[in-house]
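One structure is given below, encoded as structure tokens.
Any read-out appearing in this document is the output of simple, stated calculations on the displayed coordinates, not a laboratory observation. All figures in this text were calculated on a predicted structure; none of them were measured in a lab. Cβ: placed from backbone, ideal geometry, glycine included. Neighbour counts: every protein chain shown.
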Amino acid sequence: MKKILILYTGGTAGMDYTDQGLRVIPNLFQSQIQTLDPVMDVSLNLIEYEDLIDSSDINFTHWVKIITDIKTHYDKYDGFVVIHGTDTMAYTASILAFALRGLSKPVIITGAQLPLVHRRSDGWGNLIDAIYAATQDELHEVALAFNHNLYRGCRTQKISTNRFLGFDSVDEEPLAEFGIDIMWHKRRWREANYKTFSPIIPQDVNILNLVLSPGFTTSFIADTLQKTNNIHAVVFQTYGSGTIPMRDTHLTDAIKNITKRGVVVVSVTQVIEGRISSDYSNSKLSHLGVVGGCDMTPEAALAKLWILCSMGLSPERIKYEIGNSLVGELTI
Ligand code: ASP
């Protein structure tokens, strides 16, 4: 029988309706999923985190704990399921994907749009699909199970607050579809990993996530880039296929200065689908020292930079790795 470890961090799945709104209630998730025991032919163990959170409260220490827990229990289990709130789930999925180096077992993250205590909760389906995915020997990656789909974790984005279709991986087809039959799209799965499992523990590094918008923020962004001096890297969310207001020399000079100081600046598009290109004169950013992030989501770019910086790599090496697909986060 397959052994699966569930790490329960919080989120709507284990929340209940209170006078102060939806809140995580200790032991509620555990009491709910006990009913699954007779219907699942897997052995489930649960670790409920002491500090259960709405995922908007997630920070550095929670991520370190999830990574450390998977590391500690790695040899004892066939797969892992992380129960997480949906608001920041795509960030955590990306961080785990980059941090869990040499992963050769499934790590599936999931949650719910409606709590398990709600009659129409989507949490049950998500949880059961996640458990099935976590039993797959040939799945060697971090994936996100939601609304009857399994997605590559580092490709996901939250796309809806009110539909059960809460997530998508726009530039990447799903890894599985859970219909009446389960379609495991194994040819989309990552190759077996023969490296030793050696997770990277994220370090306290400063990464700025800047979103460009016409008129209002340009000079604010330029000033921020000029003034901040303890920044390791920047995710720059540009327009369309990577265009910026090139006529604004305050901005272009600020970018040039910060990249000269060794800060890695990665351009990703604000648009849901598609990639950065240098087709436009306004999207040729390499002369400013900016690296193109291809079709990475902002979540994946942030996570990738965070883990690469945590490894203590040089800016040159980080820039080189940004263009490589490390865990399937971009389309070469
Ligand atoms: N606010 C919740 C959270 O992210 C939303 C959810 O879980 O769906 O924890």
Segment 108-176: trypsin sites (Lys or Arg not before Pro) in DSSP loop, at most 14 other beta carbons within 10 Å: Arg119, Arg120, Arg163
At 1.567 mPa s and 4 °C, Stokes D of segment 258-306 from Kirkwood alpha-carbon radius, µm² per second: 114 µm²/s
Difference of contour (0.36 nm per residue) and Cα-Cα distance, Asn27 to Thr61: 10.1 nm
Spatially proximal aspartates and glutamates relative to Lys284 (Cα-Cα < 12 Å; intrachain offsets below 8 disregarded): none
4 °C / 1.567 mPa s Stokes-Einstein diffusion coefficient of segment 186-332, Kirkwood radius on C-alpha pairs, µm²/s: 82 µm²/s
Alpha carbon Rg of segment 33-170, scaled by the compact-globule rule 2.2 N^0.38 Å: 0.98
Average silhouette area of segment 109-184, convex hull of alpha-carbon atoms, in square nanometres: 5.0 nm²
CD proxy at 222 nm, helix term only [per DSSP H run n ≥ 4: -39500 (n - 2.57); per residue of the chain; nearest 500]: -8000 deg cm²/dmol
Set of aspartates and glutamates with alpha-carbon distance to Lys260 below 18 Å, sequence-local pairs under 8 removed: Asp223, Glu316
Segments 97-106, 181-190, 248-257 sorted - mean Cβ within 10 Å per residue, highest first: 97-106, 248-257, 181-190
Taking segment 1-115 and dividing mean pair separation by its residue count, relative contact order in percent (alpha carbons under 8 Å, at least six apart): 39 percent
For segment 169-181, Karplus couplings with θ = phi - 60° (6.51, -1.76, 1.60), whole Hz, Gly/Pro x: 10, 4, 8, 9, 5, x, 7, 7, 10, 9, x, 4, 9
In order through segment 96-101: 3J(HN,Hα) via Karplus (6.51 cos²θ - 1.76 cosθ + 1.60), integer Hz, x for Gly, Pro: 4, 4, 7, 6, 8, 5
For Glu316, Glu172, Glu299, Glu50, order by how many other beta-carbon atoms lie within 10 Å, fewest first: Glu50, Glu316, Glu172, Glu299
5 angstrom amide H check on Asn149, placed H, neighbours 5+ away: Phe178
Distant-in-sequence amide H partners of Ile108 (H built 1.01 Å from N, under 5 Å): Phe80, Val81, Val82, Ala143
Hz values of 3J(HN,Hα) by residue in segment 272-282 - Karplus curve (6.51, -1.76, 1.60), Gly and Pro given as x: 4, 10, x, 9, 6, 9, 10, 5, 9, 4, 7
Reachable lysines, given that their alpha-carbon falls under 17 Å from the alpha-carbon of Lys304 and they are not under 8 places away in the same chain: Lys319
GNM result for the chain, Cα springs below 10 Å: residue of Phe60, Phe29, Phe178 fluctuating most strongly: Phe60
Share of pairwise Cα separations in the chain, more than 29 Å, in percent: 39 percent
Built amide H within the under 5 Å cut-off of Lys2, gap 5+: Ser43
Relative contact order computed over the chain (Cα-Cα under 8 Å; 6+ residues apart), in percent: 15 percent
Among Asp51, Asp122, Asp16: highest mean-square fluctuation, GNM of the chain, C-alpha pairs under 10 Å: Asp51
Relative contact order of segment 178-309, defined on C-alpha pairs under 8 angstrom at six or more residues apart (%): 25 percent
